[in-house]
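Visitor: So that we are looking at the same thing, I have put the structure below in structure tokens.
The values are calculated or read from the model by the stated rules, or taken from the named source; none is laboratory data. Please read all numbers here as calculations on a predicted model, not as lab measurements. Quick reminder, even Gly has a Cβ in these numbers, built from the backbone with ideal geometry, and neighbours come from all protein chains shown. Only protein heavy atoms, including side chains, enter the accessible area calculation; ligands, DNA and RNA are left aside. Shrake-Rupley method; radii C 1.70, N 1.55, O 1.52, S 1.80 Å.
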Amino acid sequence: MARYGMALDYKNCINCKACEVACKEENGILMGADKHRIWVGVKEIEGEYPFLSIVSSSFEPSQCQHCDDAPCQEVCPTNATYYDENGVVRVNAEKCILCSYCMNACPYDARYVDDRTMTVDKCNFCSDTRLARGETTTACQNTCPTKVRTFGDLDDPNSEISELLRTREHFSLKSHLGTKPKLFYLT
Amino acid sequence: MAETIQQKQSIKEFIATIPFNKIGIKDLLNFEKTPQNMLVAVITLAFLAFFVLGVATYLMHGHHAYNVTREHPWGLLIAVYIFFVVSSTGLCIVGSLGDVFGFKDYEMISKRAIFGSIVTIMAGFAVIAFEIGHPVTMLIYNVLSPGLTSAIWWMGTLYGLYLTFMIIEFVFLLKHNMKMAKFFGLTGLLVGLAAHSNLGGVFGFLNARTISNGVFYPTYFILTAFITGIFIAFIMMGFRYKLEFPENAKVMLTNLAKIQGLLISILIFFVTWKFLTDIYGDMPNRADVAIHILGSWTFWAEVVLAMLIPLFIILKDMGKNLTGMFWASLSGMVGVFFMRYNLVHDTQLKPLQMMKTTEYELAPSWVNYFPSMTEIMISLGGLGLCILLYYVGTKLFNLDADTHH
Ligand code: SF4
Ligand code: SF4
Ligand code: SF4
């Protein structure tokens, strides 16, 4: 089975938010809800006019990191949060008791309560939609105009993402926590 | 076949012979109508009304009736749940002094304390049932797909077991079967301590929350449980004897006050070192949070009400001022409430998105939270429930030590 991950060439992000729209459309995410499944972080320009530091401004798209060692999974009392056969961290809404422990434990603030089901939800790499249909793309990746996102199988040495991670420097977020994120930020 | 019928018979008989007083509504209304008692009665009824109102609001609006957010998913109800289960564990420790560890002086409070531990944990469960989004799902999947790495799973499961053991112990105490009471008491105590330190572990395991992560809470929870148990022991005995304690109660309470003095001193030592280590070295996400906590009035409410006032009263007369201790214990319990509230709130103070390696977002520097009316009503309702159950218990059972052995 695959082990899916995503590489983000985040410096190319132009904050158009097409990915957020595509995710909502593809996965039926609540319209108008902020930071549900996916978001683009904005770092404002520093300094006071006219001494603005243009390089200080940056956009950083983010979502669930699909940690290999996921705190949210460890703390879930009913195993509602689980790793699927593709290494994707998923939530089974049937089993979720809304204890919110995972929301507290996720170091990336990637989880939220879906007001319709009153259970916890987050990005699942389009597992219910695209992956389930046999496609190996995600909506956010597919739509990105500047090709920030590369989605693929980390275990396949020939995949585009493996190639990227071999040839480009990258970092992951809060890696000191031992979560082993599968979202990689290319520098 | 015949055997099972016999077994059923003996179980029936066992239950039928549990000593209790037959009481009706009339007996429940039959208490001395002093102004103090009337005040407690009115407050309890008001709290129960709040409970009904709060629960009704929750049933209509769900979690929207609470002020919990994505950044602050745990609110007042979690704090109140912790408050009640800490009280329960504490009372279990106090109750065990006599009937498990065999300290004769403390036998007179065993039954009362064990009954108290049952009603407090029931009140806790009543409150948490309206915080957990899907309590029925929890009962099912706690069993069908247990999350064995989850401190919440262990805490919940062990507390369920603990309640069972406490009830069995209480029944044996009522029946003067001291041997069995001791056995179930010890088992219950161990399970309760394990459950309680797991509750500390719920916070201690949070790698993402540097302020709470580590061994501190699991051990501190046991210490503060003991302290809470002693506070409640004073309150219960104070009401029982209307502050005019008989000689044996005086001996016991003075000893308890001395133990309390030691425990509170240890607590102050613990908390001081927690803050010193949190702040020392200015580690991001820990030092700043600790300094922020030191600037909040709720922290000082905890320190003054639960630590300084009781310690002062104890040290002043070497624990002999029992009336003073009764009032100090009421202050202590208010302080303990703040202690629980602070623990829950402080854990969530720091927004997590700011802690990413590259700070990319101007998040608010602190996460704000103030409980909603519904949360407050359900919480006070839990207290009302607790007082009511305890009061019914005092009528239903003989909670004093039995004079004949
Ligand atoms: S980013 Fe958060 S929600 Fe996603 S797998 Fe890691 S801990 Fe879980
Ligand atoms: S809120 Fe749901 S998914 Fe999260 S830890 Fe609780 S049961 Fe698991
Ligand atoms: S991978 Fe799919 S579910 Fe996840 S953020 Fe992208 S579009 Fe949404």
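Visitor: Going through B:152, B:121, B:167 one at a time, which residue ends up being within 17 Å of the chain's Cα centre (by Cα), touching a residue at least 24 places away in the same chain (Cβ under 8 Å) and within 16 Å of ligand 1 (Cβ to nearest atom)? Spell out how you get there, then give the answer.
Guide: Details: B:121 fails: within 16 Å of ligand 1 (Cβ to nearest atom); B:167 fails: within 16 Å of ligand 1 (Cβ to nearest atom).
Testing whether each residue is within 17 Å of the chain's Cα centre (by Cα), touching a residue at least 24 places away in the same chain (Cβ under 8 Å) and within 16 Å of ligand 1 (Cβ to nearest atom) leaves just B:152.
Visitor: Looking only at region A:99-118, filter to residues that are closer than 18 Å to residue A:88 by Cβ and open to solvent by 10 Å² or more (accessible area, probe 1.4 Å); which one of those is nearest to ligand 2 (Cβ to nearest atom)?
Guide: Going through the qualifying residues, I end up with A:102.
Visitor: OK, next. For residues that are of a type in the set (A, V, I, L, M) and surrounded by fewer than 18 Cβ atoms within 10 Å (Cβ to Cβ), scanning just region B:179-193, find the one that is nearest to the other protein chains (Cβ to nearest Cβ).
Guide: So in region B:179-193, the residues of a type in the set (A, V, I, L, M) come out as B:180-181, B:186, B:189-191, B:193.
Within this subset, residues satisfying the condition of being surrounded by fewer than 18 Cβ atoms within 10 Å (Cβ to Cβ) are B:180, B:186, B:190.
Working: B:180: 32, B:186: 27, B:190: 22 Å.
If we take residues in region B:179-193 being of a type in the set (A, V, I, L, M) and surrounded by fewer than 18 Cβ atoms within 10 Å (Cβ to Cβ), then B:190 is nearest to the other protein chains (Cβ to nearest Cβ).
Visitor: Among the listed residues B:237, B:252, identify the single one that is farther than 18 Å from residue B:87 by Cβ, at pLDDT below 95 and buried (at least 21 other Cβ atoms within 10 Å of the Cβ).
Guide: Working: B:237 fails: farther than 18 Å from residue B:87 by Cβ.
One residue alone meets the criteria, B:252.
Visitor: Regarding region B:322-334, can at least one residue be identified that is modelled with pLDDT under 95 and surrounded by fewer than 17 Cβ atoms within 10 Å (Cβ to Cβ)?
Guide: Within region B:322-334 (the criterion being modelled with pLDDT under 95 and surrounded by fewer than 17 Cβ atoms within 10 Å (Cβ to Cβ)), the answer is yes, since at least one residue qualifies.
Visitor: Quick one: how many residues across region B:1-30 are free of Cβ contacts under 8 Å to residues at least 24 places away in the same chain, assigned to a loop (DSSP other than H, G, I, E, B) and open to solvent by less than 80 Å² (accessible area, probe 1.4 Å)? Break it down stepwise before answering.
Guide: First, pick out the residues of region B:1-30 that are free of Cβ contacts under 8 Å to residues at least 24 places away in the same chain: B:1-16, B:22, B:24-26, B:29-30.
If we keep only those that are assigned to a loop (DSSP other than H, G, I, E, B) too, we end up with B:1, B:22, B:24, B:30.
Keeping just the survivors that are open to solvent by less than 80 Å² (accessible area, probe 1.4 Å) gives B:24.
Counting residues in region B:1-30 that are free of Cβ contacts under 8 Å to residues at least 24 places away in the same chain, assigned to a loop (DSSP other than H, G, I, E, B) and open to solvent by less than 80 Å² (accessible area, probe 1.4 Å) gives 1.
Visitor: Hey, can you tell me all the residues within region A:152-186 that are open to solvent by 70 Å² or more (accessible area, probe 1.4 Å) and either away from ligand 1 (no atom under 16 Å from the Cβ) or part of a helix (DSSP H, G or I) (or both)?
Guide: Initial filter on region A:152-186 (open to solvent by 70 Å² or more (accessible area, probe 1.4 Å)): A:155, A:157-158, A:160, A:163, A:166-170, A:176, A:180.
Passing the criteria: A:155, A:157, A:158, A:160, A:163, A:166, A:167, A:168, A:169, A:170, A:176.
Visitor: Looking at (1) in a helix (DSSP H, G or I); (2) without any contact (Cβ under 8 Å) to a residue 60 or more places away in the chain, which one does residue B:53 not meet, given that it meets all the others?
Guide: Looking at each condition in turn, residue B:53 falls short on (2).
Visitor: Let me ask another. Keeping to region A:49-66, report how many residues are within 11 Å of chain B (Cβ to nearest Cβ) and under 30 Å from residue A:104 (Cβ atoms).
Guide: 6
Visitor: On to the next question. Report yes if residue B:160 is within 14 Å of chain A (Cβ to nearest Cβ) and among the small types (Gly, Ala, Ser), otherwise no.
Guide: Working: within 14 Å of chain A (Cβ to nearest Cβ): yes; among the small types (Gly, Ala, Ser): yes.
The answer is yes for residue B:160.
Visitor: Look through A:136, A:129, A:117, A:146 and report the one residue that is assigned to a loop (DSSP other than H, G, I, E, B) and within 14 Å of chain B (Cβ to nearest Cβ). Write out each step before concluding.
Guide: On the way: A:136 fails: within 14 Å of chain B (Cβ to nearest Cβ); A:129 fails: within 14 Å of chain B (Cβ to nearest Cβ); A:146 fails: within 14 Å of chain B (Cβ to nearest Cβ).
Step by step, each of A:136, A:129, A:117, A:146 is checked, and only A:117 is assigned to a loop (DSSP other than H, G, I, E, B) and within 14 Å of chain B (Cβ to nearest Cβ).
Visitor: Would you confirm whether any residue within region A:131-139 is crowded, with 24+ Cβ neighbours inside 10 Å, within 11 Å of ligand 3 (Cβ to nearest atom) and of a type in the set (Val, Ile, Thr)?
Guide: yes
Visitor: Is it the case that residue B:106 is within 24 Å of residue A:101 (Cα to Cα) and among the hydroxyl-bearing types (Ser, Thr, Tyr)?
Guide: Values: within 24 Å of residue A:101 (Cα to Cα): no; among the hydroxyl-bearing types (Ser, Thr, Tyr): yes.
Judged against the criteria, residue B:106 is not a match.
Visitor: With respect to residue B:165, is the statement that it is touching a Gly at 6+ places or on another chain (Cβ under 7 Å) and away from chain A (no Cβ under 14 Å) true? Show your work before the answer.
Guide: Numbers: touching a Gly at 6+ places or on another chain (Cβ under 7 Å): yes; away from chain A (no Cβ under 14 Å): yes.
Yes.
Visitor: Considering A:35, A:43, A:24, which residue is basic (Lys, Arg) and either out of contact with any Phe, Trp or Tyr (no Cβ under 9 Å at 6 or more places or on another chain) or without any contact (Cβ under 8 Å) to a residue 12 or more places away in the chain (or both)? Steps first, answer last, please.
Guide: Values: A:35 fails: either out of contact with any Phe, Trp or Tyr (no Cβ under 9 Å at 6 or more places or on another chain) or without any contact (Cβ under 8 Å) to a residue 12 or more places away in the chain (or both); A:43 fails: either out of contact with any Phe, Trp or Tyr (no Cβ under 9 Å at 6 or more places or on another chain) or without any contact (Cβ under 8 Å) to a residue 12 or more places away in the chain (or both).
After applying the criteria, what remains is A:24.
Visitor: So residue B:74 fits all but one of (1) closer than 30 Å to residue A:36 by Cα; (2) in contact with a Leu (Cβ under 6 Å, 6 or more places away or on another chain); (3) of a type in the set (A, V, I, L, M, F, W, C); what number is the exception?
Guide: Tallying (1) closer than 30 Å to residue A:36 by Cα; (2) in contact with a Leu (Cβ under 6 Å, 6 or more places away or on another chain); (3) of a type in the set (A, V, I, L, M, F, W, C), residue B:74 fails exactly one: (2).
Visitor: May I ask you to list the residues in region B:101-117 that are buried (at least 24 other Cβ atoms within 10 Å of the Cβ) and aliphatic (A, V, I, L, M)?
Guide: Within region B:101-117, B:109, B:113, B:114 meet the criteria.
Visitor: Given the criteria farther than 13 Å from residue A:66 by Cα, open to solvent by 30 Å² or more (accessible area, probe 1.4 Å) and touching a residue at least 24 places away in the same chain (Cβ under 8 Å), does residue A:149 qualify?
Guide: On the way: farther than 13 Å from residue A:66 by Cα: yes; open to solvent by 30 Å² or more (accessible area, probe 1.4 Å): no; touching a residue at least 24 places away in the same chain (Cβ under 8 Å): yes.
Taking the combined requirement at face value, the residue does not satisfy it.
Visitor: Taking region B:343-376 as the search range and keeping residues that are modelled with pLDDT under 85 and away from chain A (no Cβ under 12 Å), which one is surrounded by the most Cβ atoms within 10 Å (Cβ to Cβ)?
Guide: Out of the qualifying residues, it is B:365.
Visitor: Wholly within region A:24-113, which strands (runs of 3 or more DSSP E) include no fewer than the required count, namely at least 1 residues that are more than 14 Å from ligand 1 (Cβ to nearest atom)?
Guide: Details: elements: A:38-43, A:58-63, A:81-83, A:89-91.
Here the list reads A:38-43, A:58-63.
Visitor: Give the residue, chosen from A:74, A:20, A:85, A:46, that is over 15 Å from the mean Cα position of the chain (by Cα), away from chain B (no Cβ under 14 Å) and not β-branched (Val, Ile, Thr).
Guide: Working: A:74 fails: away from chain B (no Cβ under 14 Å); A:20 fails: over 15 Å from the mean Cα position of the chain (by Cα); A:46 fails: away from chain B (no Cβ under 14 Å).
Being over 15 Å from the mean Cα position of the chain (by Cα), away from chain B (no Cβ under 14 Å) and not β-branched (Val, Ile, Thr) holds for just one of A:74, A:20, A:85, A:46, which is A:85.
Every residue, every condition in (1) touching a Ser or Thr at 6+ places or on another chain (Cβ under 9 Å); (2) open to solvent by 50 Å² or more (accessible area, probe 1.4 Å), yes or no:
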{"site": "A:46", "(1), (2)": "yes, yes"}
{"site": "A:52", "(1), (2)": "no, yes"}
{"site": "A:60", "(1), (2)": "yes, no"}
{"site": "A:66", "(1), (2)": "no, no"}
{"site": "A:71", "(1), (2)": "yes, no"}
{"site": "A:77", "(1), (2)": "yes, no"}
{"site": "A:83", "(1), (2)": "no, yes"}
{"site": "A:86", "(1), (2)": "yes, no"}
{"site": "A:90", "(1), (2)": "yes, no"}
